[in-house]
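The structure appears right after this line, and notes come after that.
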Amino acid sequence: MTGVRFIGSVRNFLWRTLPPTAYHHARYSCRNCSFFLPQTISARFHAATPEVHTFGSGDLNTRLHKANVLAPTRMCRTMTRYGSDKGSGWHNYTTVYSTLFRGWHDRPLRILELGLGTNNPGLMSSMGSHGVPDASLRGWREIFPSALIYGADIDRDILFQEERIKTFYCDQLDATAIKNLWSQPELRDGMNVIINDGLRTLRCERLVSGGFARQSPSRWVLYRRGHRL
Ligand SMILES: C[S@@+](CC[C@H](N)C(=O)[O-])C[C@H]1O[C@@H](n2cnc3c(N)ncnc32)[C@H](O)[C@@H]1O
């Protein structure tokens, strides 16, 4: 049996036998030992900066060029602890997000994330049946204690509402659904940050960015592209 298949079998066994909270706790602990700890140490000796394409120069450029995408950050750990894959190693977007959001933690931000992490294997871009829906929204809420967090997804089964979090239905391939999303009273004032972690086809990004740019001009829209930065 190969190492990957062995790990898969152990994971399935734990999934079947442990209660969900214990399973996710065990998964995070494994990730901590097998990835975050060694990677934090090795990133002291190796650095890689993201490839940055921007218009003009400025503080943001300088900051992004200083980010080490090999070094896990607190945001990577928080997101992984909740069950999001943004900074778990397979992806490393949160290494750059940490740089972008440095100094923003106490701001009363309005953040919208598209794509909440369905665990329905039949849907596009699913996190798989072991996935944790809505993980990243709870992560954002912890990271930004004064922010209001909004989310949208095509999977109605994972929509929810909790303190400082509200979610809505949206099919990112449907211009009318995007318009309806923006007509929600809570979203009409626009967003400081929009993260597209839903469907990531070019057509979909065009539709999304068109609608969102009108709604929140001059704010940040972050797209997720490729596996690693
Ligand atoms: C990779 S998951 C999001 C992961 C999550 N943000 C996290 O960090 O844990 C992608 C999500 O996009 C959603 N999705 C796929 N197609 C969509 C569409 N056409 N419109 C809206 N959401 C869609 C899926 O239901 C899934 O929940």
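Among 49, 95, 62, the largest mean-square fluctuation in a Gaussian network model of the chain, built with springs joining Cα atoms closer than 10 Å, belongs to 62.
Suppose only helical runs count, i.e. DSSP H with n ≥ 4. What mean residue ellipticity at 222 nm does that imply for the chain under -39500 (n - 2.57) per run, divided by all residues and rounded to the nearest 500 deg cm²/dmol?
Numbers: 9 runs with 89 residues, N = 229.
About -11500 deg cm²/dmol.
Beta bridges per DSSP, both residues in the chain: antiparallel share near 10 percent.
Mean-square fluctuation check for the chain, GNM, Cα pairs under 10 Å: which of 150, 23, 169 is largest? It is 23. For segment 24-132, the calculated P(r) over all alpha carbon pairs, in 10 Å bins from 0 to the bin holding the longest distance, is 13, 38, 34, 14, 1 percent.
Within the straight-line cut-off of under 22 Å between alpha carbons, the lysines reachable from residue 166 are 86, 179, sequence neighbours fewer than 8 places apart in one chain being disregarded. Cα-based radius of gyration for the chain, normalised by 2.2 N^0.38 Å, reads 1.04. Of the DSSP H helices in the chain, those with a Cα length along their own long axis of 20 Å or more and a mean Kyte-Doolittle hydropathy reaching -1.0 comprise 3-17. Which residue fluctuates the most in the chain, going by a Gaussian network model with Cα springs under 10 Å, if the choices are 131, 87, 103? With Cα springs under 10 Å in the chain, the top fluctuation among 131, 87, 103 is at 103.
Values in this text are rule-based calculations from the coordinates and carry no lab data. Bear in mind the structure is a predicted one, so any value in this text is a computation, not a measurement.
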